[in-house]
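Q: Got a structure for you, written out below as structure tokens; questions coming shortly.
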Amino acid sequence: MHHEPSRDDLDLEVLEEFRHRLDHKWALRVIAALIEGPLRFNELRQAVSELADGKPISVSVLSETLHDLADYGLVSNTRDESSKPIIVSIYALTENARKNLPELQEVARRFLAEPGDQSGRP
């Protein structure tokens with residue numbers, strides 16, 4: 001039996017929080033840069049810039065974005081102390097982010113699909 005959704009089915013707080021977490025200009029580019037594996041800060045900065053058609057991201061904006069994504073449980077930060085006295089931060093997607101990205105992308109494709117198109121492709 002098919003149930004038509006109603007306003008009572010929507011958890012607007014959850015949807016708004018989800019939108020808020022990915023609403024940052026650079027958030028999706030940072031996530032995309034980390035999809036293939038962990039990166040050091042400067043490597044990540046370069047990768048994000050490449051994803052933005054060469055537009056550089058400032059150190060402070062990248063730091064703020066990483067901090068927010070870490071607070072949201074999407075990015076982890078570990079410290080590599082093997083090259084003391086320099087301590088290097090290495091950033092990676094969390095297991096939760098990595099596990100849910102394909103499903104999130106599929107949902108986005110379905111929402112962007114043309115009306116009546118069941119392929120899920122925009």
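Q: Please go through region 81-92 and pick out each residue that is of a type outside the set (Phe, Trp, Tyr) and in contact (Cβ under 8 Å) with a residue 12 or more places away in the chain.
A: 88, 89, 90, 92
Q: Of the residues that sit in region 64-80 and are touching a helix residue (DSSP H, G or I) at 6+ places or on another chain (Cβ under 8 Å) and in a helix (DSSP H, G or I), which one is farthest from residue 29 (Cα to Cα)?
A: Among residues in region 64-80 that are touching a helix residue (DSSP H, G or I) at 6+ places or on another chain (Cβ under 8 Å) and in a helix (DSSP H, G or I), the one farthest from residue 29 (Cα to Cα) is 68.
Q: When you scan region 17-50, how many residues do you find that are within 26 Å of residue 80 (Cα to Cα) and either assigned to a helix (DSSP H, G or I) or in contact with a Leu (Cβ under 8 Å, 6 or more places away or on another chain) (or both)?
A: 20
Q: Can you say whether residue 83 is of a type in the set (Gly, Ala, Ser), in a loop (DSSP other than H, G, I, E, B) and either at negative phi or surrounded by 14 or more Cβ atoms within 10 Å (Cβ to Cβ) (or both), as far as the supplied structure shows?
A: It is true that residue 83 is of a type in the set (Gly, Ala, Ser), in a loop (DSSP other than H, G, I, E, B) and either at negative phi or surrounded by 14 or more Cβ atoms within 10 Å (Cβ to Cβ) (or both).
Q: Looking at residue 53, is it at positive phi and of a type in the set (Asp, Glu)?
A: It is true that residue 53 is at positive phi and of a type in the set (Asp, Glu).
Q: Let me ask something else. Taking the options 48, 61, name whichever one is under 24 Å from residue 99 (Cα atoms), without any contact (Cβ under 8 Å) to a residue 40 or more places away in the chain, touching a Phe, Trp or Tyr at 6+ places or on another chain (Cβ under 7 Å) and surrounded by 13 or more Cβ atoms within 10 Å (Cβ to Cβ).
A: That would be 48, the only listed residue that is under 24 Å from residue 99 (Cα atoms), without any contact (Cβ under 8 Å) to a residue 40 or more places away in the chain, touching a Phe, Trp or Tyr at 6+ places or on another chain (Cβ under 7 Å) and surrounded by 13 or more Cβ atoms within 10 Å (Cβ to Cβ).
Q: Would you be able to say whether some residue in region 3-20 is in contact with a Phe, Trp or Tyr (Cβ under 8 Å, 6 or more places away or on another chain) and on the phi < 0 side of the Ramachandran plot?
A: No, region 3-20 has no match at all.
Q: Show the residue pairs that are 6+ apart or on different chains and have beta-carbon atoms under 7 Å apart, the first residue being within region 104-122 and more than 23 Å from residue 35 (Cβ to Cβ), the second being modelled with pLDDT of 55 or more and surrounded by 12 or more Cβ atoms within 10 Å (Cβ to Cβ).
A: The qualifying pairs are 119/113.
Q: Then there is this: If I filter region 87-102 for residues that are in a helix (DSSP H, G or I), at pLDDT 85 or above, farther than 22 Å from residue 15 by Cα and touching a strand residue (DSSP E or B) at 6+ places or on another chain (Cβ under 9 Å), do I get at least one hit?
A: Checked region 87-102: no residue is in a helix (DSSP H, G or I), at pLDDT 85 or above, farther than 22 Å from residue 15 by Cα and touching a strand residue (DSSP E or B) at 6+ places or on another chain (Cβ under 9 Å).
The values are calculated or read from the model by the stated rules, or taken from the named source; none is laboratory data. Note that this is a predicted model, so its numbers are computed, not measured. Neighbour counts are summed over all protein chains in view; Cβ atoms, including those assigned to glycine, are modelled from backbone coordinates with ideal geometry.
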